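Peer 1: Below are the structure tokens for one structure; questions will follow.
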Amino acid sequence: MNLRYAAIKLLRAMITLWLVVTFVFVVLRLTGDPTQQLLPDDIGPEIRDYYRAAWGLDRPLWEQYLRYFEAALRGDFGISFRNSQPAIDLIWQRVPKTLELGLATFFCSLALGIPLGVLAAVWRDSWVDRLTMSFAVFGFSMPNFFLGILLILLFALNLRVLPSSGYGTWQHMVMPVFTLATAFAGAIARFTRSAMLEVLSRDYMRTAEAEGASRFRQVWWHAFPNAAIPVVTIVGFSLGGMIGGAVVTENVFAWPGVGRLLTSSVADRDLSIVQGIVVLVAITMVSANLLVDLAYGWLDPRVRVGGQERSR
Amino acid sequence: MSAETADNAAPAPKPAAARAGRPVGAWRMPLLVRIAAAILVLVSLVALLAPLLTPYGYEETDLLYRLKPPFWSSLSIEGHLLGTDKLGRDLLSRLLIATQVSLALALLGTLIGAVLGTFLGILAAHRGGWVDEVVMMLVDWQAAMPFLIIALAVLAFLGNNFYLFLALMGLAGWETYARLTRSLVLSAREQGYAVAVRALGARPLRLYGRHILPNVMGPLIVQLTLNFPQTILLETSLSFLGLGIQPPLTSLGQMLGDGRDYLLTAWWLAVLPGGVIFLTTLSMSLFGDWLRTRLDPTQR
């Protein structure tokens, strides 16, 4: 049973990845002849034909597709025409910097969001609850580029306590992480709160109280593990939003990560880099969702016995 | 966008009788929601009437009067209430037009997404089988990819133009309506009235258009109010990055992106458009949240 559950999830993940690569191929071919875009206008048709043959564009479409797919599996997305290096190398150089930002944001958000959500549920309608919910609404509505700019105005230009942008010391990380974590922590706090509220009203919580368990033990030992399941789901879900947010935030703070590479490549229409990043993001998202699904099965045995669920 | 949509995944449609029986007092708005609604009305009026309110043309440059400060500064000049930007264009006029553009794009985008998603959701529920599988696979696929990345990739591959950009706004978030509509329709189909209408021989168009859709409208409208701020944020983010609305047209995100270069000397160039974006999305979220708790008491 357990193995079958994991296998179904793995198969779905593979299908999603295949769809992404196919989508990229189809859209690229829809855009027309790459030789028209990449080569100068004033060259003769024989040179154009030479390049068409060299890049395999004279082959039947299905053969191009297979070649494309096989190259993508090897991580080969072609050469960046802006600085003539393999696209994948340029992307890999940036990955550690984005990971640094992402992991710091991830831990800060969990460290802030989960306790806030739990306390808001335990002390429902108290000032903690109201503060948490206001924080969640604020994080949801605040565009992160605007939050970033307000932070730069306050801490870099007026108080002069933090560098306004760039990469290097831990001071450079404070504002980008704060910007990204605000929305993420708000969402996590909100979901933790509603998951905890649901659990706290269950019968076994009354049993725990009747057994004489301390309030602390009731909340963290009996209630929280049961509330963890929806929270894990939302963490997986929020990753997509966080990747989008990272693209914008890296641009606000001139953080030399994948997001800035993506926007500059989109502006220059450096397509091989854009393709590589799209596939990389897809792999990240699919792996994260797979991990969430497996964690779900591990946290809640009913899921892996019940088989496949349709809507999440 | 997943953050808001996941926790109201599928509120069960309530019979119309229960809704009508609720006392009128339950619809009274708290003060905060009233302020939010007032801001929304004001912003919509501004967006509607923008071309009538602008003191100058929004692209009218005046290089003699560049980067003039707003009215609160002693250096401000008469006639330009909020001052001027780097090309001497009147900031108030630009702000009004940008609000119109950003709101119109977000509204059109949200509506396109809602219509497309609702249609596909009904189709999936009605046909079942492989149609259902394909629609749900697309839904899962779009939910799995961050839409900002898809939008950036499409803009890179196809180049930027206004209609493509509008189409992208429409494609953002269709999957939440599709998933919601599908689950709502599936449960509504089994209810007495739908069975009766079908038994009387109504065609699908009549069954869904006249009977089921009006009955499941509540959650869909809530979803609309929750998606709207997300569409504004998508448009302003892309325009902020310089990859969305292109000059000479302007949008709130583009103004903010331009103003960012003058933070040290003219912070209002970035802060004013940013403030309009934030106030609008915040008001819409507050209003949407309130609407959701009204329509679905289990969420309270």
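The values are calculated or read from the model by the stated rules, or taken from the named source; none is laboratory data. Source: prediction; values computed, not measured. Methodologically, a virtual Cβ is constructed for each residue, glycine included, from the backbone with ideal geometry; neighbour enumeration extends over all protein chains shown. These area figures cover heavy atoms from the full protein model, side chains too; ligands, DNA and RNA do not enter into them. Shrake-Rupley method; radii C 1.70, N 1.55, O 1.52, S 1.80 Å.
Peer 1: Which members of segment A:191-226 meet the condition of being open to solvent by less than 40 Å² (accessible area, probe 1.4 Å) and of a type in the set (Ser, Thr, Tyr)?
Peer 2: The answer is A:Thr192, and nothing else.
Peer 1: Of the residues A:Gly257, A:Gly241, only one is open to solvent by less than 20 Å² (accessible area, probe 1.4 Å), within 30 Å of A:Phe145 (Cα to Cα) and either away from chain B (no Cβ under 14 Å) or under 22 Å from the mean Cα position of the chain (by Cα) (or both); which?
Peer 2: Answer to the check: A:Gly257.
Peer 1: If you don't mind, another one. Determine which member of the set B:Leu224, B:Leu269 is open to solvent by less than 20 Å² (accessible area, probe 1.4 Å) and at pLDDT 85 or above. So that I can check it myself, show each step before the final result.
Peer 2: Details: B:Leu224 fails: open to solvent by less than 20 Å² (accessible area, probe 1.4 Å).
Result of the check over B:Leu224, B:Leu269: B:Leu269.
Peer 1: So B:Tyr163 fits all but one of (1) open to solvent by 20 Å² or more (accessible area, probe 1.4 Å); (2) in contact (Cβ under 8 Å) with a residue 60 or more places away in the chain; what number is the exception?
Peer 2: It is condition (2) that B:Tyr163 fails.
Peer 1: Output the residue which, of all residues in segment A:89-107 that are hydrophobic (A, V, I, L, M, F, W, C) and free of Cβ contacts under 8 Å to residues at least 60 places away in the same chain, is farthest from A:Thr179 (Cα to Cα). Write out each step before concluding.
Peer 2: First, the residues of segment A:89-107 that are hydrophobic (A, V, I, L, M, F, W, C): A:90-92, A:95, A:99, A:101, A:103-104, A:106-107.
Retained after the next criterion (residues that are free of Cβ contacts under 8 Å to residues at least 60 places away in the same chain): A:92, A:99, A:103, A:107.
Numbers: A:Trp92: 24, A:Leu99: 16, A:Leu103: 14, A:Phe107: 14 Å.
Taking the candidates together, the pick is A:Trp92.
Peer 1: Which ones in segment A:165-177 are open to solvent by 10 Å² or more (accessible area, probe 1.4 Å) and touching a residue at least 60 places away in the same chain (Cβ under 8 Å)?
Peer 2: Initially, segment A:165-177 is screened for residues open to solvent by 10 Å² or more (accessible area, probe 1.4 Å), giving A:165-174, A:177.
Of everything in segment A:165-177, those that are open to solvent by 10 Å² or more (accessible area, probe 1.4 Å) and touching a residue at least 60 places away in the same chain (Cβ under 8 Å) turn out to be A:Ser165, A:Gly166, A:Tyr167, A:His172, A:Met173, A:Val177.
Peer 1: Which residue is nearest to B:Leu291 (Cα to Cα), if the candidates are limited to segment B:177-219 and must be among the hydroxyl-bearing types (Ser, Thr, Tyr) and open to solvent by 20 Å² or more (accessible area, probe 1.4 Å)? Explain how you work it out, then say what you get.
Peer 2: Of all residues in segment B:177-219, those among the hydroxyl-bearing types (Ser, Thr, Tyr) come to B:177, B:181, B:183, B:187, B:193, B:208.
Checking which are open to solvent by 20 Å² or more (accessible area, probe 1.4 Å) leaves us with B:183, B:187, B:193.
Details: B:Ser183: 20, B:Ser187: 22, B:Tyr193: 26 Å.
By that ranking, first place goes to B:Ser183.
Peer 1: A follow-up question, please. Out of all the residues in segment A:1-29, which are open to solvent by less than 30 Å² (accessible area, probe 1.4 Å), under 19 Å from A:Trp62 (Cβ atoms) and more than 22 Å from the chain's Cα centre (by Cα)?
Peer 2: The answer is A:Phe25, A:Val27, A:Leu28.
Peer 1: Follow-up. Can you name the residue in segment B:227-239 that is among the aliphatic types (A, V, I, L, M) and closer than 22 Å to A:Phe253 by Cβ and is also least open to solvent (accessible area, probe 1.4 Å) among such residues? Steps first, answer last, please.
Peer 2: Step one: filter segment B:227-239 for residues among the aliphatic types (A, V, I, L, M), giving B:232-234, B:238.
Among the residues that remain, those that are also closer than 22 Å to A:Phe253 by Cβ are: B:233-234, B:238.
Details: B:Leu233: 26, B:Leu234: 15, B:Leu238: 0 Å².
This residue is B:Leu238.
Peer 1: Right, another one. Cβ-Cβ distance below 7 Å, separation of 6 or more or different chains: which pairs start in segment A:203-231 with a residue that is closer than 23 Å to A:Trp298 by Cα and end on one that is not in a helix (DSSP H, G or I)?
Peer 2: Going by the 7 Å Cβ cut-off, the qualifying pairs are A:His222/A:Ala213; A:Ile229/A:Asp300.
Peer 1: Scan segment B:95-140 residue by residue and report those that are among the charged types (D, E, K, R) and in contact with a Leu (Cβ under 9 Å, 6 or more places away or on another chain).
Peer 2: Here is the first cut: in segment B:95-140, the ones among the charged types (D, E, K, R) are B:127, B:132-133, B:140.
Across segment B:95-140, the qualifying residue is only B:Asp132.
Peer 1: Continuing with the same structure: If you scan segment A:83-108, which residues turn out to be surrounded by fewer than 15 Cβ atoms within 10 Å (Cβ to Cβ) and either hydroxyl-bearing (Ser, Thr, Tyr) or outside any helix (DSSP H, G or I) (or both)?
Peer 2: A:Asn83, A:Ser84, A:Gln85, listed by residue number.
Peer 1: Looking for whichever is within 13 Å of chain A (Cβ to nearest Cβ), out of contact with any strand residue (DSSP E or B) (no Cβ under 9 Å at 6 or more places or on another chain) and either open to solvent by 10 Å² or more (accessible area, probe 1.4 Å) or hydroxyl-bearing (Ser, Thr, Tyr) (or both) here; the options are B:Val134, B:Val115, B:Val139. Which one fits? Write out each step before concluding.
Peer 2: Numbers: B:Val115 fails: within 13 Å of chain A (Cβ to nearest Cβ); B:Val139 fails: either open to solvent by 10 Å² or more (accessible area, probe 1.4 Å) or hydroxyl-bearing (Ser, Thr, Tyr) (or both).
So the residue among B:Val134, B:Val115, B:Val139 that is within 13 Å of chain A (Cβ to nearest Cβ), out of contact with any strand residue (DSSP E or B) (no Cβ under 9 Å at 6 or more places or on another chain) and either open to solvent by 10 Å² or more (accessible area, probe 1.4 Å) or hydroxyl-bearing (Ser, Thr, Tyr) (or both) is B:Val134.
Peer 1: What's the number of the only condition in (1) of a type in the set (A, V, I, L, M, F, W, C); (2) over 21 Å from A:Gln93 (Cβ atoms); (3) at the interface with chain B (Cβ under 7 Å from one of its Cβ atoms) that A:Val247 fails to meet?
Peer 2: Here A:Val247 meets the rest and fails (2).
Peer 1: Moving on to the next point. Select, from B:Gly274, B:Gly242, the only residue that is at positive phi and either out of contact with any strand residue (DSSP E or B) (no Cβ under 9 Å at 6 or more places or on another chain) or surrounded by fewer than 19 Cβ atoms within 10 Å (Cβ to Cβ) (or both). Before you say what the answer is, go through the steps one by one.
Peer 2: On the way: B:Gly274 fails: at positive phi.
When all the criteria are applied, what remains is B:Gly242.
Peer 1: Now for a different question. Regarding A:Pro40, is this residue open to solvent by 40 Å² or more (accessible area, probe 1.4 Å), at pLDDT below 80 and more than 23 Å from B:Leu155 (Cα to Cα)? Walk me through how you get there before you give the answer.
Peer 2: Details: open to solvent by 40 Å² or more (accessible area, probe 1.4 Å): yes; at pLDDT below 80: yes; more than 23 Å from B:Leu155 (Cα to Cα): no.
The answer is no for A:Pro40.
Peer 1: Now, a different point. Just checking, which of A:Gly236, A:Gly306 is open to solvent by less than 10 Å² (accessible area, probe 1.4 Å), modelled with pLDDT under 90 and more than 21 Å from B:Phe157 (Cα to Cα)?
Peer 2: A:Gly236
Peer 1: Right, here's the next one. Looking at segment B:134-172, which of its residues are closer than 23 Å to A:Ala13 by Cβ and not aliphatic (A, V, I, L, M)?
Peer 2: Those that are closer than 23 Å to A:Ala13 by Cβ and not aliphatic (A, V, I, L, M): B:Asp140, B:Trp141, B:Gln142, B:Pro146, B:Phe147.
Peer 1: Within segment B:245-266, restricting attention to residues that are open to solvent by less than 10 Å² (accessible area, probe 1.4 Å), facing chain A (nearest Cβ under 10 Å) and aliphatic (A, V, I, L, M), which residue is nearest to the chain's Cα centre (by Cα)?
Peer 2: If we take residues in segment B:245-266 being open to solvent by less than 10 Å² (accessible area, probe 1.4 Å), facing chain A (nearest Cβ under 10 Å) and aliphatic (A, V, I, L, M), then B:Leu252 is nearest to the chain's Cα centre (by Cα).
Peer 1: Take the residues in segment A:178-190 that are at pLDDT below 90 and open to solvent by 20 Å² or more (accessible area, probe 1.4 Å); name whichever of them is farthest from B:Gly275 (Cα to Cα).
Peer 2: Selected residue: A:Arg190.
Peer 1: Report the residue count in segment A:46-68 for those that are open to solvent by less than 70 Å² (accessible area, probe 1.4 Å) and either touching a residue at least 24 places away in the same chain (Cβ under 8 Å) or assigned to a loop (DSSP other than H, G, I, E, B) (or both).
Peer 2: 6
Peer 1: Of all residues in segment A:71-104, count the ones that are acidic (Asp, Glu) and closer than 20 Å to B:Ala156 by Cβ.
Peer 2: To start, the set of residues in segment A:71-104 that are acidic (Asp, Glu) comprises A:76, A:89, A:100.
After this cut, where a residue has to be closer than 20 Å to B:Ala156 by Cβ as well, the list is A:76, A:89.
Counting residues in segment A:71-104 that are acidic (Asp, Glu) and closer than 20 Å to B:Ala156 by Cβ gives 2.
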